[in-house]
Structures are given as C-alpha cells and as structure tokens.
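Worksheet for the structure shown next.
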Amino acid sequence: MLKIENLTATVGEDDETKEIIKGLTLEVPAGEVHAIMGPNGAGKSTMSYVLTGRDGYEVTGGSATLNGDHILDMEPEERAAAGLFLSFQYPVEIPGVPVMTFVRTAMNSQRKLRGEEEISAADFLKKSRAVAAKLKLTPEMLKRPVNVGFSGGEKKRLEIFQMMMLEPGFLILDETDSGLDIDALRIVSDGVNELRSPDRGMLVITHYQRLLDHIQPDKVHVLANGKIIATGGPELALRLEKEGYDGVLSEAA
C-alpha cells in the first residue's frame with residue numbers, strides 16, 4: 001500500500017532551508033491502520049505535507065510509493081486521484097465556494113483523472129445527504145462556504161465528510177482530534193472507522209491516546225528527529241501516554 005524508504009526532505013528556501021525528514025522508513029499495508037506519535041517538531045506534519053505535495057517542501061532523497069506508484073513524482077492532484085487523502089490539522093477556509101460545489105468538483109476532477117464518468121447530480125445529492133446525516137451536518141451547513149464560520153469541531157466533521165464522499169484508498173489524518181469535544185470526537189471517529197476496509201490503509205497522526213481509543217491502530221510508530229525510532233502494537237501508545245517520550249527516546253539513542 002504505502003511504502004516510504006529512507007525519505008529525506010527540507011522546508012524553506014535558499015539559506016533558510018532546514019532538513020526536517022531525516023531518513024524516514026515506514027510501510028503501511030492495505031487493510032491496516034498505523035498511528036504516528038512523537039514530540040512537537042519531530043516531523044509528523046511535515047511528513048504528511050511531503051507525501052501529499054504541499055508547496056514549500058523539497059524531497060532530497062529516498063522514495064514513497066502508493067500501490068507501487070511513485071507518488072513523489074506526481075502533482076498534488078494526481079496523488080489525490082491515485083487515492084491519497086490528507087485531513088488537515090488546521091482546515092483552511094475557502095470563501096465564496098459552497099461545500100457541495102467544492103466536494104462535487106473534487107470528486108469529478110479525480111474521476112476524470114482516473115478515466116471515470118462524472119457522478120450524476122442525483123447520485124451526488126443522495127450520497128451527500130446520507131453521509132451528512134451520519135456526521136450530523138445539516139443541509140444549511142453544506143450550503144455555506146467551505147469552513148467559513150464553522151467551529152473547530154464542525155471543520156473536522158466537514159473534513160471527514162469530504163473523506164467519506166471521496167472514498168480515498170489511503171487516508172492521512174493529521175491530529176484530527178485537535179479541538180474536538182467528546183461528542184465530536186466520537187462522531188469523527190465513527191466516520192473514520194466506517195471507511196476501514198481490507199483495501200484501504202490509514203495513517204493517524206496524534207499526540208493522544210484518546211483518539212486511539214476510538215480508532216484502534218494495528219501498529220504504533222514513534223517519530224522523532226525526522227525518522228521512526230520505535231514501532232510496536234497499541235500498547236506502545238499506552239506506554240507513551242503514561243511515561244511520555246523520554247524513555248523511548250533514550251532507548252533509541
């Protein structure tokens with residue numbers, strides 16, 4: 001599914017360039033959910049930006065493939081069409097663009113790149129209503145501009161709405177639990193868990209065990225100083241919650 005080998009990457013320009021990813025190797029097979037945990041500044045969000053092709057980040061070495069396709073050679077829209085989806089830690093506002101217009105345009109753009117037919121208006125409306133109901137998004141919310149005037153929890157639910165509509169092959173969730181209250185966390189997690197399947201992989205970036213109580217991972221990785229320093233089962237996240245990162249960091253030193 002997703003395979004990263006000895007990836008190195010920098011952020012910044014000219015003399016202000018800084019290496020953030022420093023030899024990251026990771027593999028997430030289809031059907032599995034892996035969690036990435038690590039201290040602030042470890043490179044977790046940078047990794048997600050590099051994989052999805054965000055501007056300002058330069059790959060300086062290594063490789064990343066999705067189902068055997070070298071995604072680092074693709075444009076961001078090509079990576080999305082190939083099945084890669086990123087749920088942002090801080091979703092951006094898009095004034096003037098209604099949610100429904102944005103999502104349908106995204107769906108049809110990806111379908112076109114894959115050589116598929118566009119989704120009909122009737123099918124799109126039927127699917128959007130069903131997904132919105134699961135996430136407790138009202139029809140009025142879907143008519144508003146993307147993320148404009150939405151609370152933090154509503155923005156995260158809207159991200160999951162997009163994810164469930166697009167049905168990507170591989171999900172990267174960057175601190176999706178940030179800013180969520182208990183009810184919103186459950187709703188978002190239920191949406192994510194609904195997409196778990198033998199053909200889909202997920203990478204969940206988080207600081208806290210509370211998200212992993214709802215989205216239970218198959219493996220947990222600790223990322224520090226730009227690379228994976230420890231890997232284990234769900235018990236590793238419980239250890240980090242109890243002890244912090246110092247013990248794992250010292251063992252890897």
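Some notes on this structure:
- Among (1) over 16 Å from PHE85 (Cα atoms); (2) at pLDDT below 90; (3) within 20 Å of the chain's Cα centre (by Cα) - the single one GLU175 does not satisfy: (1)
- Looking at the stretch 192-253, the helices (runs of 4 or more DSSP H) lying wholly inside it that each contain 3 or more residues that are aliphatic (A, V, I, L, M) sit at 234-243, 246-252.
- Members of the stretch 200-233 that are surrounded by fewer than 16 Cβ atoms within 10 Å (Cβ to Cβ) and in contact (Cβ under 8 Å) with a residue 60 or more places away in the chain: GLN216, ASP218
- Filtered by the rule that a residue be in contact with a helix residue (DSSP H, G or I) (Cβ under 6 Å, 6 or more places away or on another chain) and either buried (at least 21 other Cβ atoms within 10 Å of the Cβ) or touching a residue at least 40 places away in the same chain (Cβ under 8 Å) (or both), the stretch 234-253 gives a lone residue, ALA237.
- Every pair of residues 6+ apart whose Cβ atoms lie under 7 Å, when the first sits in the stretch 23-35 and is among the hydroxyl-bearing types (Ser, Thr, Tyr) while the second is loosely packed, with under 14 Cβ neighbours inside 10 Å: THR25/ASN6
- Summed over the stretch 115-137, the residues that are outside any helix (DSSP H, G or I) and surrounded by 11 or more Cβ atoms within 10 Å (Cβ to Cβ) give a count of 6.
- Residue count for the stretch 137-180, restricted to those that are acidic (Asp, Glu) and in contact with a helix residue (DSSP H, G or I) (Cβ under 6 Å, 6 or more places away or on another chain): 2
- Considering the stretch 29-47, and only residues there that are among the small types (Gly, Ala, Ser), at pLDDT 95 or above and in a loop (DSSP other than H, G, I, E, B), the residue that is nearest to LYS227 (Cα to Cα) turns out to be ALA30.
- Taking the criterion of being farther than 15 Å from VAL92 by Cα, part of a helix (DSSP H, G or I) and of a type in the set (A, V, I, L, M), the residues of the stretch 143-181 that qualify are MET163, MET164, MET165, LEU166.
The values are calculated or read from the model by the stated rules, or taken from the named source; none is laboratory data. Here the structure is a predicted model, which means the values were calculated and not measured. Glycine gets a Cβ as well: all are built from the backbone with ideal geometry, and neighbour counts include every protein chain shown.
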